[in-house]
Amino acid sequence: MLTRIQSKDGRPVSILGFGCMRLPKVGDISDESRAIKMIRYSIENGVNYFDTAYVYDAGKNEVLLGKALEGGFRERVFIATKIPSYLVGKLESAKKMFETELTRLRTDYIDYYLLHMLTDLDMFLRMKDLGVIEWMESLKAEGRIRNIGFSFHGSKESFEQIVTAYPWDFCQIQFNYMDEFNQAGKSGLFLAGSLGIPVIVMEPIRGGKLAEGLPANILDLFATSKIKRSPAEWALRWVWDFKEVAVVLSGMSDEHQLEENIRIAGEALPDSLTPEEKEIFSKIKAELQAKTKVPCTACGYCMPCPFGVDIPGCFSQYNEKYLMSKKGGRFSYFQALGIFSVRPGFASMCKECGKCESHCPQSIAIRKELKAVRREFEGPLFRPLIVMARRLMKIRRPKTKTD
């Protein structure tokens, strides 16, 4: 198992992290005995980073991981878990959640503690105003947490604002060869690296879509390589090729995936892809671009929108549905565009001012395309559903001059 040094504290972390959200199930119930065996097998084979969260499987995921790490395994690994910032209304609730997590995980400290699913700077500032950041710093001083970080789902601009707003110990982003320029993207990865902030990568295989959901023409391109690899291996090696990546989280749900990933993680050095292999990825990106509905490169020149629309984010979700023949996709749209954010960025927020189009280097008819996004994802029940969800979460958008 290859390791990379966690640059903030000098500790070696396995380049393969176990994303516990997708542990094996029997129906809708976790297959506990099988999951525990997989976790312990991974530790015996060098995996030392395990990722879970307060909300995964309604808390049962943390409980299962805690059981798996009994018997001396806890001391051999790093636990990463998350506090759901979108559910925190006051500091006391954050404190209760943390104590609950310690109990579930059967430990008295957390190695990597994250603010879960930040989408914009306002979410971070709300945590700061509530005293959550100062409280986390006090926990770190006491040794009850070792590293303070955040996981991110939002725009490139928002990531840049958040990652530079605080001296983070680490951050977690979605990154894969289809999302090279989406969300935080490659520029965000490089920015974090330049700041000395270790990056944990989630969704390297896009929830399995880059392993099993690829179009035939993409599989044919991979098959042209002299070295035969599974689509999953291609995806993982692409991410591990970046030296700025500290850990790649893989949500392994069966023994075959675990064994394959452990093997790859013993071989995948940074900057190891050959020119021929990089050329294959270039051809794949060209194929994907040919199927792209909107030729947006997520450059961000159209941003910020004066009315708050996350224009690149809207187009990313729209393109993904057709690139991957994805059914539905509304939940992904809701999540990525900020249903839990103080300032969401839905397509329906467009007021057709046209400012964005004058800055677009691709000459995209942005207003027209945003209408298509709205038709695709925002049905007649969209507005009342959003209002209801935000009321339940007690999320209120502050008024601005444009409101």
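Every number in this text was worked out from the coordinates using simple rules, so none of it is lab data. All figures in this text were calculated on a predicted structure; none of them were measured in a lab. All Cβ positions, glycine included, derive from the backbone under ideal geometry; neighbour counts span all protein chains shown.
Overview of values
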| item | result |
| --- | --- |
| FRET E, pair Lys355, Glu276, Förster distance 35 Å, beta-carbon r, rounded to 0.05 | 0.20 |
| Charge dipole of region 3-274 about the Cα centre (unit charges at C-beta), most positive-ward option of Ser225, Leu214, Leu69 | Leu69 |
| Inter-label distance for Asp129 and Tyr166, nm, one decimal - labels placed 7 Å from Cα along Cα-to-Cβ | 1.5 |
| Pairs beyond 31 Å (Cα-Cα), from Lys95/Lys186; Lys156/Lys355; Lys243/Lys351; Lys8/Lys321; Lys96/Lys321 | Lys95/Lys186; Lys243/Lys351; Lys8/Lys321; Lys96/Lys321 |
| Cα pair distances in region 64-205, grouped into 5 Å bins until the bin that holds the longest one, percent each | 2, 10, 20, 21, 19, 14, 10, 4, 0 |
| Dimensionless Rg over Rh [region 251-385; C-alpha; Kirkwood] | 1.07 |
| Anchor Lys37: lysines whose Cα lies under 22 Å away (excluding residues fewer than 8 positions away in-chain) | Lys25, Lys60, Lys67 |
| Relative contact order %, the chain, counting alpha carbon pairs below 8 Å whose residues are six or more apart | 15 |
| Rotationally averaged projected area of region 241-330 (alpha carbon convex hull; nm²) | 8.8 |
| Rg ratio (alpha-carbon, reference 2.2 N^0.38 Å) - region 170-299 | 1.03 |
| Which of Ser250, Leu195, Thr292, positive extreme of dipole for the chain (C-beta unit charges) | Thr292 |
| Check: region 1-97 dipole with +1 on Lys, Arg Cβ and -1 on Asp, Glu Cβ, in debye | 180 |
| Among 175-187, 218-230, 108-120, the order from most to least packed when residues are scored by Cβ within 10 Å on average | 108-120, 175-187, 218-230 |
| For region 280-300 versus region 360-388, the gap between their alpha-carbon centres in whole angstrom | 21 |
| Residue list for region 193-217, given a label point 7 angstrom along the Cα-to-Cβ vector of Asp254 and an amide N cut-off under 18 Å | 205-214 |
| DSSP-loop GluC sites (Glu not before Pro) across region 250-305, with at most 12 other Cβ within 10 angstrom | Glu267 |
| Packing rank of 135-148, 192-205, where each peptide gets the mean count of other beta carbons within 10 Å, highest leading | 192-205, 135-148 |
| Amide proton proximity set for Phe175, modelled H, under 5 Å, gap of 5+ | Met202 |
| Rounded to the nearest 20 debye, dipole of the chain from Cβ charges on Lys, Arg, Asp, Glu | 1360 |
| Loop GluC sites (Glu not before Pro), region 35-108 (other Cβ atoms within 10 Å of the site Cβ: 12 or fewer; DSSP) | Glu70 |
| Computed FRET value (nearest 0.05) for Met388 with Glu142, which takes r as the C-beta separation and R₀ as 35 Å | 0.35 |
| Additional length obtainable on full extension of the chain from Ala290 to Arg106, 0.36 nm per residue less Cα span | 61.2 nm |
| Rh by Kirkwood over Cα pairs, then Stokes-Einstein D for the chain at 0.890 mPa s and 25 °C, µm²/s | 112 |
| Two-site label geometry, Glu75 and Lys226: point separation in nm, points 7 Å out along Cα→Cβ | 4.9 |
